[in-house]
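One structure below.
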Amino acid sequence: MDIKSIGVVGAGQMGNGIAHVMALAGYDVLLNDINQNALEAAVGRIDKNLERQVSREMISAEEKAAAMGRIETTLELPALGGTDLVIEAATEREEIKHQIFDTLKPHLGPDTLLTSNTSSISITRLASRTDRPERFMGFHFMNPVPMMKLVELIRGIATDEDTYQTCLGIVERLGKTAASAEDFPAFIVNRILIPMINEACYTLYEGVGNVASIDNAMKLGANHPMGPLELADFIGLDTCLAIMNVLHDGLADTKYRPCPLLTKYVEAGWLGRKTKRGFYDYRGDVPVPTR
């Protein structure tokens with residue numbers, strides 16, 4: 001398919017990043033959210049991030065202006081039905097994703113492709129609730145989207161070859177690299193990454209080390225750019241917990257049992273950077289470990 005317009009559902013951290021790279025690559029973008037303030041904040045963030053790219057001479061001022069001109073916003077989800085490709089980037093809760101696709105269903109063009117940026121939920125199951133499972137697949141970007149080079153492409157059991165090739169072409173046009181993953185819980189990246197973070201939580205929970213020692217050990221001992229607990233705060237502890245629950249439920253293996261301490265932090269509303277507290281406290285000038 002010749003994709004010219006892209007609808008993005010959700011103007012949060014992932015959605016605004018996806019809108020950014022799509023507009024910069026020449027696609028017309030319609031960005032949707034249920035909150036007008038979120039849409040305005042997303043457009044502001046995209047403008048700021050594009051300006052940073054201009055200052056680093058990664059793009060020209062003209063390319064930035066053209067990209068911003070390709071982005072429109074809407075509070076009306078059905079408006080996305082007229083786009084060639086929809087990328088759902090809402091919160092990682094399956095019932096919300098089903099509601100989004102149910103709402104879109106009567107407004108979609110006959111050839112519109114549906115994709116989800118889910119980091120762990122079954123693509124086959126999401127697709128089965130739509131009227132076009134053969135034109136549905138996982139389109140999982142990494143965070144932060146403008147910087148990260150990988151996109152996971154996940155086929156559901158019914159996804160056809162044309163859908164896959166179309167999405168692969170978009171990834172290549174973005175200048176990113178695709179990793180094809182089978183439709184099993186958490187796919188490739190998060191199947192490996194999130195259990196590592198969960199194990200770091202257990203290491204903290206059991207008193208093997210404190211936050212600083214665990215993160216320093218992995219940064220200096222394994223050459224990781226961020227420690228696992230620092231990374232968990234960046235991802236969002238609620239997202240980490242949701243993915244661990246998907247792994248635990250989907251694979252029925254006790255090794256994927258979420259750490260009780262991770263659950264406790266989420267229950268407290270300490271979700272990481274986005275709430276200013278998680279394994280670190282971000283309310284001051286310098287992040288301070290909370291344990």
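The values are calculated or read from the model by the stated rules, or taken from the named source; none is laboratory data. All of these numbers come straight from a predicted model, not from anything done at the bench. Don't worry about glycine lacking a Cβ; one is built from the backbone with ideal geometry, like all the others, and counts go over all protein chains shown.
Examine the stretch 98-107 for a residue that is under 26 Å from residue 159 (Cβ atoms) and β-branched (Val, Ile, Thr), and state whether such a residue exists.
yes
Of the conditions (1) surrounded by fewer than 16 Cβ atoms within 10 Å (Cβ to Cβ); (2) more than 19 Å from the chain's Cα centre (by Cα), residue 28 fails just one. Which one is it?
Every listed condition holds for residue 28 apart from (1).
Any residue at all in the stretch 80-99 that is more than 16 Å from the chain's Cα centre (by Cα) and among the small types (Gly, Ala, Ser)?
Within the stretch 80-99 (the criterion being more than 16 Å from the chain's Cα centre (by Cα) and among the small types (Gly, Ala, Ser)), the answer is yes, since at least one residue qualifies.
So which pairs qualify, if the first residue must be in the stretch 132-157 and at pLDDT below 95, the second must be among the polar types (S, T, N, Q) and not in a loop (DSSP other than H, G, I, E, B), the Cβ gap must be under 7 Å, and the two must be at least 6 apart or on different chains?
143/13
Is there any pair with a first residue in the stretch 230-243 that is within 15 Å of residue 200 (Cα to Cα) and a second that is among the aromatic types (Phe, Trp, Tyr) whose Cβ atoms are under 6 Å apart and which are 6 or more apart or on different chains, and what are they?
Taking only residues 6 or more apart or on different chains, the pairs are 233/279; 233/280; 237/265.
Out of 115, 73, 130, I need the residue that is of a type in the set (Ser, Thr, Tyr) and farther than 19 Å from residue 29 by Cα. Which one?
Criteria check complete, one pass: 130.
Could you pull out the residue among 234, 279 that is touching a Lys or Arg at 6+ places or on another chain (Cβ under 9 Å) and over 17 Å from residue 143 (Cα atoms)?
279
Quick check on this structure: which one of 275, 239, 263, 254 is modelled with pLDDT under 95 and among the polar types (S, T, N, Q)?
On inspection, the qualifying residue turns out to be 239.
Which numbered condition trips up residue 48, out of (1) of a type in the set (D, E, K, R); (2) in a loop (DSSP other than H, G, I, E, B); (3) surrounded by fewer than 18 Cβ atoms within 10 Å (Cβ to Cβ)?
(2)
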